[in-house]
Structure formats: C-alpha cells, structure tokens
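*Asks:* Take a look at the following structure, please.
The values are calculated or read from the model by the stated rules, or taken from the named source; none is laboratory data. What you see is a predicted model; the values in this text were computed from it and never measured. Cβ sites come from the backbone with ideal geometry, for glycine too, and all protein chains shown count toward neighbours. To get the accessible areas, we keep the full protein, side chains included, count just its heavy atoms, and leave off ligands, DNA and RNA. Shrake-Rupley method; radii C 1.70, N 1.55, O 1.52, S 1.80 Å.
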Amino acid sequence: MKRIVTVQDISCLGKCSLTVALPIISAMGVEAVILPTAVLSTHTGGFTGFTFRDLSEDIPKIIDHWKAENIGFDAIYTGYLGSFEQIDQMKAFVDAKGDNTLVFVDPAMADNGKLYTGFTPEFARHMATLCAKADIIVPNLTEASFMLDIPYVESGYDKAYIEDVLKKLCGLGAKCAVLTGVELEEGKTGFAMYDSKTGEFSYYQNNKIDAKFHGTGDIFSSVTLGGLMRDKSLYEALKLAADYTRKCIETTMPERDYHWYGVQFEKEIPYLVERL
Ligand code: PXL
C-alpha cells in the first residue's frame with residue numbers, strides 16, 4: 001500500500017483541505033499521513049471571525065521526527081499553506097525527499113479572479129517557487145495568473161491561450177501542469193494538462209453545473225493524487241477527479257442552502273471506490 005503525506009490546513013468546519021483529503025485518499029486505499037499547516041475554526045470563504053492557529057513552528061519538528069523514524073513517502077501533496085515560511089519549509093522538505101517521491105503541488109490560494117482572505121500577490125509569486133520543484137501542479141486559472149503575474153482572463157479564451165499559460169507554468173520548473181476550471185465551450189468546464197517531457201497537451205470537458213462551492217479544488221486534487229497512487233495515468237486520474245467532483249456538486253444541489261460551505265462528497269464515496 002502506498003503512503004503519502006498531505007500538507008494543508010485543518011478547517012475544522014468547512015469540508016475543504018485536510019477534512020476532505022484524509023477521507024478521500026483513505027477511501028481510495030492509500031495511507032494518508034497528514035501535516036497540518038494551521039487550524040482554523042472554519043475555512044475563510046464566506047465565514048467571518050474565524051480563528052487561525054499557525055503551526056509553522058511545529059512543521060520542521062514533525063518532519064525531523066519522521067526522518068528519525070525512517071519514514072518515507074510515495075508522494076508529498078501540498079495544498080493550502082498559511083505563510084511564506086511554510087512555503088520555504090515545503091521547499092526544504094522536497095529537497096530532502098527520496099528519489100521515488102512524487103511531488104504534487106496544489107497552490108490553493110485564489111479563485112474567481114481573487115486571492116483568498118489573507119494572501120497577497122507576493123505570496124502567490126513565492127508559491128511559484130515551490131511549484132518550480134513539483135512533478136505535477138494543479139492551479140486554477142486565477143492561481144496561474146497570480147503566479148505568472150499575468151492578467152486574469154475570466155472567459156472567452158481559446159486553446160492557444162490555455163496552452164501558452166500551461167507552457168509558462170512548466171517554465172517555472174514544474175514537469176506537468178494542469179489547469180482547472182478551463183471552460184472551452186459555453187456550459188462546459190474541465191481541465192487542460194501539459195506534459196513538458198512529451199510536449200503533449202490533453203483536455204477534458206464536462207457539462208458545467210452553475211454553482212460555486214468551496215473545497216471542490218481540494219477534492220479534485222485529492223482524487224487525482226489517490227488515482228496516481230492507485231497506478232492510474234495522470235490523465236485517467238484527472239478524469240476521475242473531474243467526474244467525481246461534478247458528481248459531488250450535483251448531489252449537493254438540492255441541499256445547497258444548508259450545505260453552502262462545501263459539497264456532500266461523503267455520499268459519492270462509493271462512486272469513487274467503484275472506479276479504482
Ligand atoms: O479549499 C481551499 C481552502 C483551504 N483552506 C482554507 C480556505 C480555503 C478556501 O477558501 O479558506 C483555510
């Protein structure tokens with residue numbers, strides 16, 4: 001059985017970051033070790049007055065203990081990081097990894113043209129230096145724009161634009177870049193990927209459900225990593241992630257007023273497990 005470590009916050013209530021990564025990766029039959037970056041009472045999207053406990057001080061000590069115990073990982077998956085220092089800590093963690101550890105970076109920090117509460121454009125440019133060390137990065141178009149310091153284009157783009165952005169993302173240093181929330185046709189959404197080694201671009205589009213939920217990017221990343229660890233190709237893992245995320249949104253729609261802060265991914269775990 002594969003063992004991964006996922007580095008992101010615990011939003012105690014909010015169905016994002018570790019509270020979705022841990023159950024999803026575990027359900028996919030992969031050991032999920034966690035390294036919490038911060039503990040928040042809720043996520044930062046739509047709640048006010050949330051608490052935020054920064055765990056930067058603990059991170060190197062936790063990593064050192066694992067090292068002393070000779071624990072290695074098949075993948076390092078980073079998500080929401082709470083400070084510049086944590087980006088540097090993750091760069092050092094990646095530099096010290098074994099040869100067979102996949103580095104998967106979700107630069108979770110922005111969406112819909114805006115940075116999440118608490119982040120700055122400088123933070124995004126620093127996140128780009130962690131992306132430089134990754135095998136696979138999965139920004140949405142907003143995160144890509146902030147990291148590349150290019151204007152955010154909301155709609156009306158074509159494949160040529162997407163391919164230019166993907167190439168620029170790999171230009172940062174990442175081996176494979178995946179863009180999420182790519183809408184190439186009215187009523188559709190999906191991902192685009194570029195493998196800098198083969199020079200190949202791939203696309204996948206699904207029917208779009210017109211609703212925004214927090215945490216869906218984290219669900220997408222968790223399923224992608226789980227799929228990779230279960231020996232799917234990157235494209236197959238991404239396709240499963242896109243289909244599952246869509247299914248979770250669809251399932252939540254009738255109860256969206258009650259569950260506005262995150263999707264009911266729990267109900268669709270069987271869908272996921274059946275497709276491994
Ligand atoms: O899902 C991304 C995410 C993760 N962690 C925290 C967040 C968000 C999105 O808003 O606020 C704390």
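*Asks:* Using +1 on the beta carbon of Lys and Arg, -1 on that of Asp and Glu, and nothing else charged, what's the dipole of region 3-271 about the Cα centre, debye to 20?
*Replies:* 180 debye
*Asks:* Using only the Cα atoms of region 68-151, build the gyration tensor, take square roots of its eigenvalues as a ≥ b ≥ c, and label the shape rounded, prolate or oblate: rounded if a/c is under 1.5, else prolate if a/b is larger than b/c, else oblate.
*Replies:* Taking the square roots of the gyration eigenvalues as a ≥ b ≥ c, region 68-151 is prolate.
*Asks:* Can you work out the FRET efficiency for the pair E250 and F52, with r the C-beta to C-beta distance and R0 = 35 Å, to the nearest 0.05?
*Replies:* After rounding, the FRET efficiency stands at 0.60.
*Asks:* Just grab the label-to-label distance for S233 and D64, each label 7 Å out from Cα along the Cβ direction, in nm (one decimal).
*Replies:* 4.5 nm
*Asks:* Testing the spin-label approximation: label points 7 Å from Cα along Cα→Cβ at I71 and A96. State their distance in nm.
*Replies:* 1.3 nm
*Asks:* Could you compute how much accessible surface D257 exposes when probed at 1.4 Å, giving the result in Å² to the nearest 10?
*Replies:* 140 Å²
*Asks:* Ok, one more. Give the shape of region 183-276 as rounded, prolate or oblate, defined through the alpha-carbon gyration tensor: a ≥ b ≥ c are the square roots of its eigenvalues, a/c under 1.5 means rounded, and otherwise the shape is prolate if a/b is larger than b/c and oblate if not.
*Replies:* Note, shape of region 183-276 comes out oblate.
*Asks:* Can I ask one more? Could you please tell me the mean projected area of the C-alpha convex hull for region 1-151, averaged over all directions and given in square nanometres to one decimal?
*Replies:* 8.8 nm²
*Asks:* Just G72, G171, G46 to compare: in a GNM of the chain, with alpha carbon springs under 10 Å, which one fluctuates most?
*Replies:* G46
*Asks:* If L225, L172 are ordered by their accessible area, calculated over protein heavy atoms with a 1.4 Å probe, which sequence runs from highest to lowest?
*Replies:* L172, L225
*Asks:* Further question on the same structure: Pairs of Cα atoms under 8 Å, at least six residues apart: use those to get the relative contact order of region 3-271, whole percent.
*Replies:* About 17 percent, as a whole number.
*Asks:* How much of M193 can a 1.4 Å solvent probe reach, expressed as accessible area in Å² and rounded to 10?
*Replies:* Roll a 1.4 Å probe over it and M193 shows about 20 Å².
*Asks:* Full extension from I150 to V39: what is 0.36 nm times the residue separation minus their Cα-Cα distance, to one decimal in nm?
*Replies:* Value of the extension gain: 36.8 nm.
*Asks:* Three principal axis extents, largest first, for the C-alpha atoms of region 3-271, in Å?
*Replies:* 53, 44, 36
*Asks:* Please compute the per residue accessible area over region 204-276 with all protein chains in place, 1.4 Å probe, rounded to a whole number of Å².
*Replies:* 46 Å²
*Asks:* With all pairs of different alpha carbon atoms counted, what Kirkwood hydrodynamic radius in Å does region 115-204 show?
*Replies:* 13.2 Å
*Asks:* Taking H placed 1.01 Å from N in the peptide plane, check which residues at least 5 places from Y157 or on another chain put their amide H under 5 Å from its amide H.
*Replies:* Here nothing satisfies the definition.
*Asks:* Between I59, I25, V94, whose Cα lies farthest towards the positive end of the dipole of the chain when Lys and Arg beta carbons carry +1 and Asp and Glu beta carbons carry -1, centred on the Cα centre?
*Replies:* Most positive-ward Cα: I25.
*Asks:* Given region 97-215, what percent of its DSSP beta bridges are antiparallel, to the nearest 5?
*Replies:* Bridges in region 97-215 are about 75 percent antiparallel.
*Asks:* Keeping all protein chains in position, work out how much accessible area R246 exposes to a 1.4 Å probe, and write it in Å² to the nearest 10.
*Replies:* The accessible area of R246 comes to roughly 60 Å².
*Asks:* Rounded to whole Hz and in sequence order, give me ³J(HN,Hα) for region 13-28 from the Karplus expression 6.51 cos²θ - 1.76 cosθ + 1.60, θ = phi - 60°, writing x for Gly and Pro.
*Replies:* Ordered by residue, 3J(HN,Hα) equals 10, x, 6, 8, 6, 5, 6, 10, 4, 4, x, 5, 5, 4, 4, 7 Hz.
*Asks:* What share of the DSSP beta bridges in the chain is antiparallel, in percent to the nearest 5?
*Replies:* 45 percent
*Asks:* Sticking with this one: When the accessible area of the chain is split by element with a 1.4 Å probe, what percent falls to carbon and sulfur?
*Replies:* That fraction is 50 percent.
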